Amino acid sequence: MGAPALVERSPLGEQAAALPTTVSFSEALVESLHALGVERAFGLVGGAIAPLAHALAVGPLKVHHFRHEGGAGFAALEASLASNRPTAVFTTTGPGLTNALTPLWAARWEGAKIVLISGATSAPQRGRWACQETSAYTFPVGALHGPGALFHFGATLESADELAQVQARLAAGFARPEGFVAHLGLPLGVQAARVATARRPSPIPPVLPSAGPAALRGIAQLLAGGDAVIWAGYGARHASAELLALATRLRLPVMCSPRAKGVFPEDHPLYLGSTGLGGQSSVDAYFRRRKVEHVLVLGTRLSEPTSFWNPALVPSEAFIHVDLDPTVPGNAYPEARTVAIQAEVGGFLRGLLDALGEEDLPSTRRVDALPAAEQVTNTAEGPVRPQRVMQAIQKLIIDRTDAVVMSESGNSFAWANQLLRFPSTGRYRVSTGFGSMGHMTAGVVGTALARGGLAVAVVGDGSMLMQAEVNTAVQYGARALWIVLNDAQYGMVEQGMRALGLTPLETGMPRTDFATWAQAQGATGLKVDREDELDAVLERALKVEGPCVVDVRIDARQTAPWMRRIQNLIAQGADTAPGDNR
């Protein structure tokens with residue numbers, strides 16, 4: 001007789017060993033997300049996602065239950081960017097899904113990695129007016145549940161057997177270096193279906209396009225031999241060291257898009273300034289003085305808020321435009337000659353540095369120092385000038401802490417872009433392209449949770465009233481600090497319409513006491529009425545371990561630095577109305 005066969009026995013006995021191990025589809029999906037690098041899920045529960053909610057409750061993800069799906073989406077977006085990891089958003093059917101669409105569209109613009117998981121009406125109930133029905137009878141299914149302008153990948157799953165395909169799609173999507181937004185619609189029957197415990201998927205290493213040696217040598221010669229400028233964008237944020245090395249090696253001046261503030265140190269002698277809304281006049285002045293032959297564009301779309309398509313910034317020879325997205329180069333300035341390079345910025349810069357020989361080093365290039373932000377002295381009366389608020393943020397937050405500062409769309413963004421200076425990358429966030437109000441008021445909670453430290457949102461009162469997740473921040477102890485520029489109006493719209501010679505439409509609003517409002521939700525609420533109170537109140541706010549709202553009554557007569565935006569609106573057809581309404 002041969003040797004007896006070796007048999008593995010279950011510690012639970014022979015009967016348990018003979019049964020297949022199964023879990024719900026929702027539990028398997030949550031485990032798969034965790035294996036692919038997702039750490040956090042943001043959203044709101046509802047009856048149509050009850051099995052998914054159970055899986056999230058017992059699974060490995062850190063779950064944050066918000067007060068509005070829009071707030072959850074913006075928090076997930078910013079958490080993804082702050083952690084450089086994918087995040088998940090969960091919503092119920094109908095309004096739960098539609099409420100999340102604005103931040104998901106913003107995530108597509110911003111390059112975040114998010115998978116949205118929503119409820120979907122089961123097949124037998126479709127077309128019968130089910131509660132919050134989400135089906136082809138009630139929704140544009142192709143746009144919301146398929147690939148297109150909003151989602152890179154989307155599907156309504158009809159069978160639990162689709163799990164392996166979903167895992168593969170998500171793994172490939174999360175490996176994209178330029179962002180990935182997906183949507184899975186799950187009927188209840190799929191959520192609760194039993195599946196065999198599947199192999200945990202593994203993340204896929206990203207495959208990054210790069211420039212060839214000949215192209216790198218040619219570009220190195222152009223930059224070293226002529227008058228060139230670097231225009232850095234948000235796509236260069238992970239290549240700050242390489243950017244600094246190239247600029248100092250060739251003594252190339254650097255200007256940054258608003259989203260790229262800090263990617264190149266803003267206190268460096270080669271820094272020209274930021275461009276776009278609220279940008280520094282030093283950029284235009286440099287181009288007027290010099291005949292710039294080439295502009296090396298790194299990871300920016302050169303969108304309207306970044307460039308205003310300013311013809312003065314067009315080089316005499318060509319843009320050398322480096323971007324992961326091959327459709328970006330040449331779009332903003334179609335009339336200008338553009339050399340398109342599809343490559344990841346960090347790898348491109350490392351290759352370019354290797355291609356430079358010692359003989360390429362220029363001996364004389366000079367950049368005038370960027371003027372320091374004008375210092376304003378306190379006034380004894382109120383209200384507070386926004387310039388004074390930015391000065392305090394610079395001194396007390398940017399210069400003394402490692403907090404991430406986030407500015408909201410509107411006047412807050414214009415003031416921040418012009419007056420704040422960041423010494424390093426990863427310290428500043430703004431959404432220039434989609435520019436949704438309420439983005440940073442909710443997003444600051446996601447950033448604070450993801451980094452486990454202080455995140456500061458500089459926002460207007462209109463944005464704060466639109467969407468703030470203070471109550472959620474209290475629940476999870478997020479170190480979120482809101483600095484509210486409170487002028488009892490939609491400031492940019494009010495000032496902008498008057499600058500266009502038009503009559504503002506209902507831009508005023510009753511003044512809100514945001515300090516009391518914050519306290520009513522369990523947060524710390526502080527108020528500033530005069531400039532001589534500002535520093536002491538901010539210092540107190542920085543000592544708060546949980547969420548804090550600082551209500552700053554600002555001077556509405558101070559016009560934010562956005563005049564180039566007005567000029568662009570006029571160019572697009574917003575002609576000044578007859579008469580002087582100012």
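Per residue, the chain exposes 42 Å² of solvent-accessible protein surface, assessed with a 1.4 angstrom probe and all protein chains in place. For segment 211-274, the fraction of 1.4 Å probe accessible surface lying on carbon and sulfur atoms is 58 percent.
In summary, the helical segments of the chain meeting the span-like criteria, namely a full DSSP H run, a Cα extent along the axis of 20 angstrom or more and a mean Kyte-Doolittle hydropathy of at least 0.5, are 69-83.
Proximity of backbone amide H atoms, modeled 1.01 Å from N, is registered between L420 and no other residue at under 5 Å, excluding neighbours fewer than 5 places apart on the same chain. Expressed as a whole percent, the accessible surface of segment 393-510 that belongs to carbon and sulfur atoms is 53, based on a 1.4 Å probe. Which residue, P177, L420, V314, has the largest displacement toward the positive end of the dipole of the chain when charges sit on each Cβ (Lys, Arg +1; Asp, Glu -1)? Final value for the positive-end residue is P177. For T98, T447, the ranking by accessible surface with the largest value first comes to T98, T447, using a 1.4 Å probe.
Counting DSSP beta bridges in segment 433-555, what percent are antiparallel, to the nearest 5?
Once the DSSP bridges in segment 433-555 are tallied, antiparallel ones form about 5 percent.
May I ask for log10 I(q)/I(0) of segment 141-257 at q = 0.09, 0.16, 0.18, 0.20 Å⁻¹, from a Debye sum over the Cα atoms as equal point scatterers with solvent left out? These q points yield log10 I(q)/I(0) values of -0.47, -0.88, -1.00, -1.14.
Here the ratio of the Cα radius of gyration of segment 78-177 to 2.2 N^0.38 Å is 1.11. Each Lys or Arg adds one and each Asp or Glu subtracts one; over the other residues with Cβ under 12 Å from the Cβ of A211, this totals -1. Between I114 and T87, F180, V181, A182, the built amide H atoms are under 5 Å apart, and every one of these is 5 or more places off in sequence or on another chain. Write out the GluC sites (Glu not before Pro) in segment 482-542 meeting two conditions: DSSP loop, and at most 12 other Cβ atoms within 10 Å of their Cβ. Answer by residue number: E506.
In the assembled protein chains, Y234 presents an accessible area of approximately 20 Å² (probe radius 1.4 Å).
Quick one: of K261/K395; K62/K113; K261/K291; K395/K543, which pairs are farther than 22 Å apart, Cα to Cα? Pairs exceeding 22 Å: K261/K291. Net charge in the neighbourhood of G43 (other residues with Cβ under 14 Å of its Cβ; Lys, Arg +1, Asp, Glu -1) is +1.
T21 contributes an accessible area of around 100 Å² to the protein surface, as traced by a 1.4 Å probe with all chains present. Segment 266-295 and segment 459-511 have Cα centres lying 31 Å from one another. Taking the protein heavy atoms of segment 68-206 in the context of the full set of protein chains, the accessible area attributed to carbon and sulfur is 58 percent at 1.4 Å. The spacing between segment 120-141 and segment 227-262, judged by their C-alpha centroids, is 50 Å. Counting only residues at least eight positions apart within a chain, or on another chain, the aspartates and glutamates with an alpha carbon under 15 Å from that of K527 are E381, D461, D487, D513, D535, E539, D551, D555. Excluding A241 itself, calculate the net charge of residues whose Cβ lies under 14 Å from the Cβ of A241, where each Lys or Arg counts +1 and each Asp or Glu counts -1. Around A241, the surrounding residues sum to +2. For segment 253-318, the Kirkwood hydrodynamic radius comes to 12.1 Å, computed from all pairs of different C-alpha atoms. In the complete set of protein chains, residue-level accessible area for F153 is approximately 30 Å², probe 1.4 angstrom.
The values are calculated or read from the model by the stated rules, or taken from the named source; none is laboratory data. Here the structure is a predicted model, which means the values were calculated and not measured. With ideal geometry, Cβ positions are generated from the backbone for all residues, glycine too; neighbour counts draw on all protein chains shown. Each accessible area value is taken on the protein alone, full model and side chains, heavy atoms only, with ligands, DNA and RNA left out. Shrake-Rupley method; radii C 1.70, N 1.55, O 1.52, S 1.80 Å.
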